[in-house]
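What follows draws every value from the coordinates through simple rules; no lab data is involved. All values reported here derive from a predicted model rather than from experimental measurement. Glycine also receives a Cβ, built like all others from the backbone with ideal geometry; neighbour counts cover every protein chain displayed.
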Amino acid sequence: MSWHADAIPPVPPIPPTVTSDTPCRKCQYNLRSLSTDSRCPECGTPVGFSVRGDLIRYSDPDWVDRIRLGLQCLVGVLALIDMTLIGGILLRIMEINPPMALGYLVLLGIGALLVAGPWFLTTPDPSGLGEDRYGRSRKFIRFCLITAVAGIGLMAWGHHAGWAAEPFIQLLAGAAELIGLAGNCAMANYVSKLALRIPDFKLASNARGIMWGLGCSTGLLVAFFVVGVVHDLTNGPLGGGVPEVWNCFVGIDCLVLLIFSVAYLSLFDQLRIRLREQSALARRTWAAAKFTQPAA
């Protein structure tokens, strides 16, 4: 069952005074001892919002919109990639060679969305709520994102300088991309904790399942790659008919990874829809309180 902007859930009763350390929803000011009918002396946000737990519908609407924008970027990049692939096939059929500048422009757009999406999605809540549960995952995702971008930049620089084929450069770039893949698993974990603030327990459970599926299939693919490289370098015991079986296992693992990747993007779209509802609730609640709550 989903919430809608025209059906705000009943508000639980709140105490008349804040009796414990409670951060303001907008600026983290400690509201202890203040009346719940008053406003934060720092930013003017109604105190009553900050004593209702960590539900997103009482959060700063601007923050909700920012993380929703991140999800829109991640969903939009999939559409852009699909259009690029379909367009490339059609151009090849019609024997049309597009200008290189167009290809670079499309790649730049895809790269910008891939960077902006996780960055906006991991924007911290201004109140600091949720950091005890997913703060490490949120920071790790940003670290992985920066590392992956640095790896791509390293390969581009190496290619321009003429020494991109150096094993050391390839090793550094490969390690950076592996860290980027680890960030995908961390992002699924982060989404599962974020879904609990709606709350949507089914969405959170699906996110955890996708996290394990992505992690295991990606880990197996990396293991296959490493063993294959070692075999090629040493010409070890993987001889005879074993490589065909090995390639079959690799193909199955790639198929599983593709399935979980599609489910991963579907997860983003589901959360995006839920956050759109939560954003509408938050804006209605904050707008109403702006005129009905007395100043401190």
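For the reader, a short list of remarks on this structure follows.
- Spin-label model, Arg52/Arg284: points 7 Å from Cα along the beta carbon direction are separated by 1.1 nm.
- Cβ-based net charge around Ile179, under 14 Å, with every Lys or Arg adding one and every Asp or Glu removing one: +1
- Here region 31-84 and region 128-143 have alpha carbon centers that stand 15 Å from each other.
- Residues with amide H under 5 Å from that of Arg39, placed H, sequence gap 5 or more: Val47, Ala296
- Residues of region 180-203 with amide N under 20 Å of the 7 Å Cα→Cβ point at Cys254: 181-182
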